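**Q** Take this structure first; my questions come after.
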Amino acid sequence: MNASASASVPTTAETLRSALGGLLDGIPPKQATAAVDRLIANYRGLTPTDAPILRDRSDVAAYAAYRMPATFEAVRSALDALAEAAPQWSPGSHVDVGGGTGAATWAVDATWDGPRDTAVLDWAEPALALGKELAAASGSQVLRTAEWRRAVIGSGLALPEADLVTVSYVLGELTPEARRAVVAEAARAGQAVVLIEPGTPEGYLRIREARDQLIEAGLKVAAPCPHDGTCPIEVGQDWCHFSARVSRSSLHRKVKGGSLPYEDEKFSYVAATRFPVEPAPSRITRRPQIRKGLVLLELCGPEDEGLTRVNVTKRHGDLYKAARDADWGQEWPPTTR
C-alpha cells in the first residue's frame, strides 16, 4: 500500500482536499449550489444520456468540490478490496474511463506505489482541464504526468490495453446500448476492471448487469463477491452496496450545507480480473450489529451458501474480538495474507 499515509506526510485524501481549496472562489454560492443539485440528479442515474454531464467551468468546480472527495473514498474502498484479493499485484498502467476531474486516478495513486502510466478519458474538456490543474498540485509524479484526453464515452469507445481500467459513476449517465459497449471495451482492454456506481437499487442493478457481462467476457470476480456464480440477492427485495466515510471540508459544507464533519458515501462495485485472485471467503454486507456479548453479521458467502446471518459471541474468543472491530464491506473471517 502507499506509504504516504504516514503521520509526517499528508495522505492522498488530505492532499486532494488541499488542492480543492479555493476552487469556488469567484463563483456565486447560488450558482454553485444549483450546479450541484443538477449534478446530483445525474449522479443518481435519473437522466441517462449520451451527452457530457459537466458542461462548463462552474459545473466542473461544483462537481469537484462536492463529489471528488466522496468518489475518491468510494473508489479507494473498491480498490482496497481488489488489492486484498491480489496482494502481489500492482498496476503498471491505468486507464480511467469517464474520469472527469480524476478522483479515481487519485484513488489508484493512494492504493499502489510505483511508476505507472495513467490516462484519464472524458468527453468534457473543462473537467479534463481542471483535473490536470489539480493533479499538478499533488506531490505525486504519477498524477502530475498523467495524460488527460478527450474521448466520447459510449459506443465506439476504443481503449488502450492497460493493467487496470476504472469506470466510476459513469454507467448511469449512459444509454443501455452505450453502457454495454463501455463495459465490453473495458473487459477487452483491462487485465483488471473496477466498476463503481452509486449505492442505490438502480446503481446495484447496473453493477449486477456489468458483472455478468465481465464474467461472460472471461474475467473472474475478485471483489466484493466470493464467487463467480449468480448473485443470491433477489432483485426488488434488496441490493448490494457498501459505505465509505468521507470527511467534509469547509468547502464541501459551503457548497451543500450540513453540520456534521463527515458523511457516508454509499456505493456498489465489482472488481474482476484476467489473472488469479483470492476472493474473500465471505463479505460483510451490512454494518455489523453489536449487542452485549454478541455481534450479528450479515454475510454473502460461497455460492452454495449465499446470504447468511452469523452470531458471533464471547465464547468465540478472538473471533468475537475481530467481529467487534469488523466493518461493513470487509471480508470474513479476517485472514492474514
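Every read-out reported here was derived from the displayed coordinates using simple, explicitly stated rules and does not represent laboratory data. In this text the structure is predicted, and so the values were computed from the model without any measurement. Here the Cβ positions follow ideal geometry from the backbone for every residue, glycine too, while neighbour counts run over all protein chains shown.
**Q** Taking the highest mean first, how do the peptides 327-335, 119-127, 73-81 order by number of other beta carbon atoms within 10 angstrom per residue?
**A** Top of the packing list down: 73-81, 119-127, 327-335.
**Q** Report, in listed order, any pair from LYS30/LYS266; LYS30/LYS132; LYS132/LYS220 with a Cα-Cα distance greater than 28 Å.
**A** LYS132/LYS220
**Q** Give the peptides 111-117, 170-176, 140-146 in descending order of average Cβ contacts within 10 Å, highest first.
**A** 170-176, 140-146, 111-117
**Q** Above 18 Å lies some portion of the pair distances; for segment 274-336, what is it as a whole percent of all C-alpha pairs?
**A** For segment 274-336, the fraction of Cα-Cα distances above 18 Å is 34 percent.
**Q** Label ASN311 and ALA34 with points 7 Å out from Cα along Cα→Cβ: what is the distance between them in nm?
**A** Label at ASN311, label at ALA34, 5.7 nm between them.
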